[in-house]
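Worksheet for the structure shown next.
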Amino acid sequence: MDKDKFDFVLIPSGLFVLALYHVWLLYNIIRNPRKTVIGLNSESRHQWVFSIMTDPLKNGTLAVQTIRNNMMASTLLGTTAITLCSLISVFVSSTTSSNNTASEFVDDNNNPILSSVKYFSILLCFLLAFLCNVQSIRYYAHVSFLITVPTSKDNRDAIAYVAINLNRGSKFWSLGLRAFYLSFPLFLWTFGPIPMFVCCCAMTFILYFLDTTTSLTQQLYNHSFKEEVRDDDLESIIQSTETIRFEDSHLKSPLLTGINQP
């Protein structure tokens, strides 16, 4: 079989394997979230936001530091992605302008269009990773303001809103990391279709063990966190802390007390 036929058969097959796995993963995240690490972590972050916002004056510093660590991780990945984009762009432009034999080393059939598609696919992956990490930083920065706002015991919509924004930032971070994973088989595509197809299959098995949870993990989660947060649980937590009190369901900050008084 010619090398062109290998490209037309193995490359779509490898991408189809990865796409099929992520469709299965998305289905389980929606229908059976506790069978996936993404769904389990999403529920854990919701519980974390609930515990933090019940006493923001005591846990505010811890919350901001935790979110800052996530922002630093997103910043690192975003910086790495945009740096690799710049290096790939410089390499492609220098290769095209000098007309050297680098493209012949990449493509045995001297097909400049196929070589351009390979480099453009890798460049697109890193650009997507950069944009996802930027969006992740955006949501984390927004949550760092919201999570320190004192809320009343009955205002559970505010806690849910903060948890939703935190999970959105984490999901964008996961998408950026997926783009880095996808860049590995695309990079091996420059060495031929067979390494790319083998890498796609190996990446699928690796991601399966990274994305799914075992029954032991689910049992540990069930013992560590509550199944659902009830109103009486929230009231007992606030009474046990006895640090901050609020009136009804209005938001009130102790730093602003007395400003509007005559």
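The values are calculated or read from the model by the stated rules, or taken from the named source; none is laboratory data. Computed from a prediction, not measured in an experiment: that's the story for all the values here. No Cβ is skipped: glycine too gets one built from the backbone with ideal geometry, and neighbour counts run over all protein chains shown.
Each residue in segment 211-240 was checked for being at pLDDT 60 or above and loosely packed, with under 10 Cβ neighbours inside 10 Å, and 4 of them qualify.
Residue check: S115 meets all listed conditions (1) surrounded by fewer than 17 Cβ atoms within 10 Å (Cβ to Cβ); (2) part of a helix (DSSP H, G or I); (3) modelled with pLDDT under 90 but one, namely (1).
With the requirement that a residue be in contact (Cβ under 8 Å) with a residue 12 or more places away in the chain and surrounded by fewer than 18 Cβ atoms within 10 Å (Cβ to Cβ), what does segment 132-145 give you?
Scanning segment 132-145 gives V134, R138, A141, H142.
Among the residues of segment 78-86, some residue qualifies, meaning at least one is of a type in the set (V, I, T), at pLDDT 75 or above, within 30 Å of S170 (Cα to Cα) and surrounded by 13 or more Cβ atoms within 10 Å (Cβ to Cβ). Scanning segment 53-65 for residues being crowded, with 18+ Cβ neighbours inside 10 Å and modelled with pLDDT of 85 or more gives a total of 1.
Please determine, by comparing only the residues of segment 17-50 that are among the small types (G, A, S) and crowded, with 16+ Cβ neighbours inside 10 Å, which one is farthest from T213 (Cα to Cα).
Out of the qualifying residues, it is S42.
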